[in-house]
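Working notes, beginning with the structure itself.
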Amino acid sequence: MIISKTPYRISFFGGGSDYPDWYKKDKNYGEVISTTINRHLYISCRILPPFFDHKFRICYSKIEKTRSINKIKHRVVRNGLKIYKIKEGLEIHYDGDMPSRSGVGSSSSFVVGLLNILNFYNNNNNLSKKDLANLSINFEHNVLKESVGSQDQIAVTYGGFNVIKMQKNDFVVKNLNNNNSYLSKLNKNLVLIYTGQSRISQNIAKTFTGQLANTKKKNILKILDHVQLAKKIIKRKSLDDFGLLLNETWQEKRKLSSSISNNLIDELYDLALKNGALGGKILGAGGGGFLLFYIPEEKQRNFLLKFKNYVNVPFKFSTKGSEIILKEKN
């Protein structure tokens, strides 16, 4: 039995600049500020004894049983097993603390967690964080051919509160976890609300990624300016300015595509601002999922009363990335 534990992430600033349609062109770059949180996605894998009619058993929201890898319907699992040339029968289980398609990086967390397991299964036990992140980015971009960014795979592989800078052929991760007192206070002023709406992020991303290097260039450059401002805000340990900047970057991000927001998101956002929030944003590509708000801790009680019909998910910033927590290979 092998089990991987991979965190979900919250992205604060720079979202949109991490798409290869932007940062791999000309002299562009992508840069984001994000953190992993203490909510996790677990994948377990065991060799399946040869006593069954099926050779592979895949358990997620569905249960698949088949004798052929090619007949596995779960695209990530099917392609992963094919690439790693798995010969033995396997049983793979997925369990997550957060809903899928909700903007907290669940798709990339699944890819990172699965590839972490498959590398260990194939006796590649010394895989570096950078290698795992690059393998995961390549898998999503070139194997699954999905319109997704590159920040999530890096964030959940490394773990922690980070500035991630991406250029054409490389990325750099700068960890900010040494600022523990400030980050603890910041964490207490953040509230995560689930809209109840799920969406497929790449469908939304496809509405604007092809325009990032031309008609949406000024929007991305403004979003990157916000990253530079955020780094200064964090350096001087300002709290409320962080929340106000979240509002600015959200207003800029929603200009990328009309699909990023909708009536419900706009209504909830306006309600939040009227009840103590200084700023916030939809997580991930948009269209649904989780809304993150910055509300000074002393104002959160009244805020949460106004949002009593929506799920509030308490969370803490975390420092660990994807890891193998059980290593009992038969």
TODO: Identify the single condition in (1) surrounded by fewer than 22 Cβ atoms within 10 Å (Cβ to Cβ); (2) in contact (Cβ under 8 Å) with a residue 40 or more places away in the chain; (3) among the hydrophobic types (A, V, I, L, M, F, W, C) that Ile282 does not satisfy, given that it satisfies every other one.
DONE: (1)
TODO: Report, by residue number, each residue of the range 305-322 that is farther than 12 Å from Leu268 by Cα and of a type in the set (A, V, I, L, M, F, W, C).
DONE: Leu305, Val311, Val313, Phe315, Phe317
Open item on the list: Name the residue that is nearest to Val76 (Cα to Cα), counting only residues in the range 86-129 that are of a type in the set (Lys, Arg) and touching a residue at least 12 places away in the same chain (Cβ under 8 Å).
Closed with: Arg101
- [ ] Among the numbered conditions (1) part of a helix (DSSP H, G or I); (2) over 21 Å from Ile325 (Cβ atoms), tell me where Leu135 comes up short.
- [x] (2)
TODO: Could you tell me which of the residues Gly243, Gly149, Gly159 is farther than 24 Å from Ser322 by Cβ, buried (at least 21 other Cβ atoms within 10 Å of the Cβ), touching a Gly at 6+ places or on another chain (Cβ under 8 Å) and of a type in the set (Gly, Ala, Ser)?
DONE: Gly243
Open item on the list: Let me spell it out: the conditions are (1) surrounded by 17 or more Cβ atoms within 10 Å (Cβ to Cβ); (2) under 23 Å from Leu144 (Cβ atoms); (3) under 23 Å from the mean Cα position of the chain (by Cα), and Thr35 meets all of them except one. Which number is the exception?
Closed with: (2)
Open item on the list: Of everything in the range 94-124, what is farther than 13 Å from Arg9 by Cβ, of a type in the set (S, T, N, Q) and surrounded by 20 or more Cβ atoms within 10 Å (Cβ to Cβ)? Give them in sequence order.
Closed with: Asn116
Open item on the list: When you scan the range 138-151, do you find a residue that is among the charged types (D, E, K, R) and under 26 Å from Phe293 (Cα atoms), even just one?
Closed with: no
Task: Positions within the range 8-31 being surrounded by fewer than 24 Cβ atoms within 10 Å (Cβ to Cβ) and touching a His at 6+ places or on another chain (Cβ under 8 Å), in sequence order - done: Pro20
TODO: List the strands (runs of 3 or more DSSP E) that sit entirely inside the range 229-330 and contain at least 3 residues that are among the polar types (S, T, N, Q) and at pLDDT 95 or above.
DONE: none
Task: Number of the condition not met by Ile92 [criteria: (1) within 18 Å of Tyr60 (Cα to Cα); (2) of a type in the set (Val, Ile, Thr); (3) under 15 Å from the mean Cα position of the chain (by Cα)] - done: (3)
Task: Cross-chain or 6+ apart pairs with Cβ under 7 Å, the range 149-167 first and free of Cβ contacts under 8 Å to residues at least 12 places away in the same chain, then part of a strand (DSSP E or B) and buried (at least 24 other Cβ atoms within 10 Å of the Cβ) - done: none
- [ ] Report those strands (runs of 3 or more DSSP E) wholly inside the range 1-110 carrying at least 3 residues which are out of contact with any Pro (no Cβ under 8 Å at 6 or more places or on another chain), assigned by TED's automatic domain parsing to the domain that holds Phe139 and small (Gly, Ala, Ser).
- [x] 30-47
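The values are calculated or read from the model by the stated rules, or taken from the named source; none is laboratory data. Bear in mind the structure is a predicted one, so any value in this text is a computation, not a measurement. A quick note on method: Cβ atoms are made from the backbone with ideal geometry, for glycine too, and the neighbour counts reach across all protein chains shown.
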